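Notes follow the structure.
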Amino acid sequence: HTQWPFADVIPYVTAELLWDPRTDVNQLLDEYFSSFYGEAEAPMRDYYSVLTEGYNRWLGEKGRPHSFGRDISSYAYNKSLDQFRVLSPDEASRAVQALERATDSAKADTLAANRIEIIRAAFQLQKIAVDRGWAAFRLRDEAPRTEAEARERIADARLIYERSGEAEKYIENVLEQPPFDQWQLFRNMSKPLARYAELKSGEPDSEIYFGNHCHAG
């Protein structure tokens with residue numbers, strides 16, 4: 001389904017609650033992580049905790065008031081560069097580290113190891129896109145006030161082009177090559193990830209380019 005491998009906990013829990021809404025959610029999560037990831041249960045919990053932490057922070061910034069808490073459609077920014085604000089570069093790095101620990105923990109379990117490897121492969125593109133996106137946000141939103149800050153913005157501009165090239169190579173040499181090509185990551189849906197083609201192009205798109213130049217002007 002389209003939410004895997006990033007939000008598969010949500011449809012799993014939702015589906016189980018549809019069968020019996022009295023079921024304890026924590027019990028469902030315990031069952032999910034232990035059954036799906038085996039010895040890698042703890043680091044995979046850490047991975048999803050980072051995603052949840054980032055998403056809750058993002059909801060606090062972008063969510064709309066609701067009686068159950070701030071919320072917003074997950075498609076609200078799906079075509080915008082701002083979708084990459086959901087995770088900060090630090091959060092994305094922590095998620096990568098958790099997946100690395102999970103890989104080490106699952107070495108003796110082929111099935112769990114394969115599942116984690118698919119998630120790692122997909123998340124690495126997200127990590128590249130997050131680094132690239134936040135460099136663009138800083139260029140767009142943080143006018144330099146000192147020479148040091150101006151040099152930092154120049155470094156951000158370089159980072160955007162570096163990460164754009166990395167995204168192109170990663171998609172072509174990893175995600176669209178065996179064994180990951182069979183999973184159609186980011187493309188296994190009626191409409192592919194909105195920015196997939198742009199990331200695959202290896203070039204910053206107009207939102208990055210014109211947004212930064214308008215700021216500079």
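The values are calculated or read from the model by the stated rules, or taken from the named source; none is laboratory data. These numbers were taken from a predicted model, which means no experiment stands behind them. Using ideal geometry, Cβ is built from the backbone for each residue, glycine included, and neighbour counts are taken over all protein chains shown. With ligands, DNA and RNA removed, areas are computed over all heavy atoms of the protein, side chains included. Shrake-Rupley method; radii C 1.70, N 1.55, O 1.52, S 1.80 Å.
Values for this structure:
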{"item": "D (Stokes-Einstein, µm²/s), Kirkwood Cα radius, the stretch 61-105, 1.306 mPa s at 10 °C", "result": "124 µm²/s"}
{"item": "From the C-alpha gyration tensor of the stretch 1-74, square roots of 5λ in Å", "result": "23, 17, 11"}
{"item": "Cβ-derived FRET efficiency at R0 30 Å, ALA76 paired with VAL174, nearest 0.05", "result": "0.55"}
{"item": "Surface accessible to a 1.4 Å probe, TRP134 within the full protein complex, Å²", "result": "50 Å²"}
{"item": "12 Å tail of the calculated P(r), the stretch 86-127, as % of Cα pairs", "result": "57 percent"}
{"item": "Radius of gyration and maximum dimension Dmax of the chain, Cα, Å", "result": "18.8, 61"}
{"item": "Cut-off under 5 Å, modelled amide H: who pairs with ASP71 long-range", "result": "ARG64, HIS66"}
{"item": "The chain: angle of helix 206-216 to the longest principal axis, Cα-based, in degrees nearest 10", "result": "40 degrees"}
{"item": "C-alpha long axis of helix 41-62 to longest principal axis of the chain, angle in °", "result": "50 degrees"}
{"item": "Residues ASP90 and GLU203, FRET efficiency given R0 of 25 Å [Cβ-Cβ distance, rounded to 0.05]", "result": "0.40"}
{"item": "Of LYS79/LYS200; LYS62/LYS127; LYS107/LYS127; LYS127/LYS169; LYS79/LYS127, those spanning more than 19 Å from alpha-carbon to alpha-carbon", "result": "LYS62/LYS127; LYS107/LYS127"}
{"item": "Mean separation of Cα contacts under 8 Å (6+ apart) over length of the stretch 70-210, as relative contact order %", "result": "26 percent"}
{"item": "Among GLY202, PHE6, TRP19 - extreme Cα towards positive end, dipole of the chain, charges at beta-carbon", "result": "GLY202"}
{"item": "Order by protection proxy (mean Cβ within 10 Å, highest first), peptides 166-178, 88-100, 141-153", "result": "88-100, 166-178, 141-153"}
{"item": "CD proxy at 222 nm, helix term only [per DSSP H run n ≥ 4: -39500 (n - 2.57); per residue of the chain; nearest 500]", "result": "-21000 deg cm²/dmol"}
{"item": "Hydrodynamic radius (Kirkwood) for the stretch 12-132, which is based on Cα pairs only, to one decimal in Å", "result": "15.8 Å"}
